[in-house]
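Student: Input: one structure, supplied below.
Computed from the coordinates by the stated procedures, all read-outs in this text should not be read as laboratory data. Source: prediction; values computed, not measured. Counting neighbours? That spans all protein chains shown, and the Cβs are built from the backbone with ideal geometry, glycine included.
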Amino acid sequence: MGDSLYNEISGYVILKNRRVKKNSIKPLRNKTRESQFFYFDPNLISAEEFKKLGFNRYQIQNLIKYREKGGSFTNAGELTKIYGIDTTFLNSIKPWIIIKESTKHNKKDFKPVPQKLIELNSVDSLQLLGLKGIGSVYASRIIKYRNLLGGFSDRKQLLEVYNFPEETYFQIKNTITIDTCGITKLSLNFSDAYSLSKHPYISKELAEKIVAFRNKNGAYNECTDLLRNEILFQEEYDELIPYLKTN
């Protein structure tokens, strides 16, 4: 239930078998009487102006983040894409929304600009800033996660980067390539449990299990020994195999 719908019905809700002090339930913001309506373009106004219109802090935060990542609105209905904005609240402000022609995307005039493909395992943080929706924070997180993995083996691993937006991934996935030749691999026969457990896909328990089997049965002949001896299930193996070697 969105904030605005709650505000509409909160005065009619009765909780049986509970003693609720009068006026103890305070409705969330977005009350019409608290708002100062004026014509506005959601692509252009400031956070303070959103606040005057009755948007709450959560809605404003999500709106600003969406715009900072390159998002924009071509019609009022697209505001419901923002977490926290429901149709009830949108209908209360919709008459005041005017989206200027300059902020709309005219499909007839749109010409895709060819972009140079970026190889994710060799790119530096400065080059990552050239990707749509990637700021300094995400660039730093991508490099940090790449180092932890030993290199990316699949573009979808970007979604494993802390708090990485799915919409940003779909915007940039076709401008990214992966070269797996440079991936740093862990040796099943020479890595200790601590070194193995530092990898994002290997828990401490799994690392100890791998080393314990080696100590008891001797060196691994090939990586598939992990499957044959039920140390890993198939799905786990498929995820981890790009990062393993026996020598």
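Student: Return the long-range amide H neighbours of ILE176 (sequence gap of 5 or more, or a different chain), with a cut-off of under 5 Å between placed amide H atoms.
Tutor: Amide H neighbours of ILE176, under 5 Å, 5+ apart: ILE118.
Student: Would you tally the net charge around LEU148, using a Cβ to Cβ cut-off of less than 13 Å, leaving LEU148 out, and scoring K and R as +1, D and E as -1?
Tutor: Numbers: positive: ARG141, LYS144, ARG146, LYS198; negative: GLU160.
Every neighbour counted, the sum reads +3.
Student: If you don't mind, another one. What net charge is computed for the residues neighbouring ILE241, neighbours being all others with C-beta under 14 Å from the C-beta of ILE241, Lys and Arg scored +1, Asp and Glu -1? Mind showing how you got there, number by number?
Tutor: Numbers: positive: LYS185, ARG228, LYS245; negative: ASP154, GLU222, ASP225, GLU235, GLU236, ASP238, GLU239.
Within the 14 Å Cβ shell, the charges total -4.
Student: Right, here's the next one. For LEU186, list long-range residues whose amide hydrogen, built 1.01 Å from N in the peptide plane, is under 5 Å from its own amide hydrogen.
Tutor: So LEU186 has HN proximity to LEU244, LYS245.
Student: Where does the charge balance sit around GLN171 when Lys and Arg score +1, Asp and Glu -1, over other residues with C-beta under 13 Å from its C-beta? Display every interim value, and only then the final one.
Tutor: Working: positive: LYS69, LYS132, ARG155, LYS173; negative: GLU166, GLU167.
Around GLN171, the surrounding residues sum to +2.
Student: Distances over 13 Å make up what percent of all Cα-Cα pairs in the range 186-245? Before the final figure, lay out the partial values.
Tutor: Numbers: 1002 of 1770 pairs.
Result: 57 percent of Cα pairs exceed 13 Å.
Student: Using the Karplus equation 6.51 cos²θ - 1.76 cosθ + 1.60 (θ = phi - 60°), what ³J(HN,Hα) coupling, rounded to whole Hz, does each residue of the range 148-161 give in order, writing x for Gly and Pro?
Tutor: Once rounded to whole Hz, the list reads 5, 6, x, x, 7, 10, 8, 4, 5, 5, 4, 5, 8, 5.
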